[in-house]
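For reference, the structure discussed in these notes is given below.
The values are calculated or read from the model by the stated rules, or taken from the named source; none is laboratory data. On a predicted model such as this, the values are computed, not experimentally measured, just so you know. As a convention, Cβ positions derive from the backbone with ideal geometry for all residues, glycine included, and neighbour counts pool all protein chains shown.
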Ligand code: PRP
């Protein structure tokens, strides 16, 4: 769906925008495991303002809305984000459930600012609205793999975004 060259060029553009937006500031980039790991590392390699890297793993379960759903944090941050500029880095926003709950959780830790950066956005599937501040590509409702995204835990390491036919 999206070649390695296209993905990398877009990541460079997003990094340039972040460098501009946070000039003179320090940021904490939070990669969301496991899917966000490739995008987060490629993005932060191109960031020139001081950046601290941390990771978090979460899964959402239960009801469909952020008010009644719950987020299960299976790996928490090491950093204290209170009073700091935070950017959450994800591979894909689908229904929005995971990120909505995760953002609520992070907001409660009182960061100075909290933004969301995703490589891919599948708006057709959205159930819970989430504010996307930096978005790589808007994509149709197809099963995508590569650049962190899996099919039965495989293919995350593909350096491009592919489509699984028939899924
Ligand atoms: C994927 C993706 C997001 C979430 C998006 O993670 O990385 O975290 O799903 O879906 P949503 O918008 O419907 O909540 P997944 O749970 O597949 O885990 P993984 O990153 O380890 O593959």
Check your understanding: Just one of 128, 144, 138, 164 is away from the ligand (no atom under 13 Å from the Cβ) and over 14 Å from the mean Cα position of the chain (by Cα); which is it?
Key -> 164
Exercise for review: Residues being under 13 Å from residue 53 (Cβ atoms) and within 11 Å of the ligand (Cβ to nearest atom): count how many of those fall in segment 72-101.
Suggested key: 2
Exercise for review: Look at residue 159 and say whether it is outside any strand (DSSP E or B) and away from the ligand (no atom under 14 Å from the Cβ).
Suggested key: yes
Check your understanding: Of these, 70, 153, which one is over 21 Å from residue 14 (Cβ atoms) and touching a strand residue (DSSP E or B) at 6+ places or on another chain (Cβ under 9 Å)?
Key -> 70
Practice item. Inspect all residues belonging to segment 109-125 and state whether any of them is farther than 15 Å from residue 29 by Cβ, within 11 Å of the ligand (Cβ to nearest atom) and either without any contact (Cβ under 8 Å) to a residue 12 or more places away in the chain or over 14 Å from the mean Cα position of the chain (by Cα) (or both). Key: yes
Study note, to complete from the structure: The number of residues in segment 132-156 that are out of contact with any helix residue (DSSP H, G or I) (no Cβ under 8 Å at 6 or more places or on another chain), surrounded by fewer than 13 Cβ atoms within 10 Å (Cβ to Cβ) and at negative phi is 2
Practice item. Scan the helices (runs of 4 or more DSSP H) fully inside segment 1-119 and keep the ones with 3 or more residues being modelled with pLDDT under 95. Key: 97-107
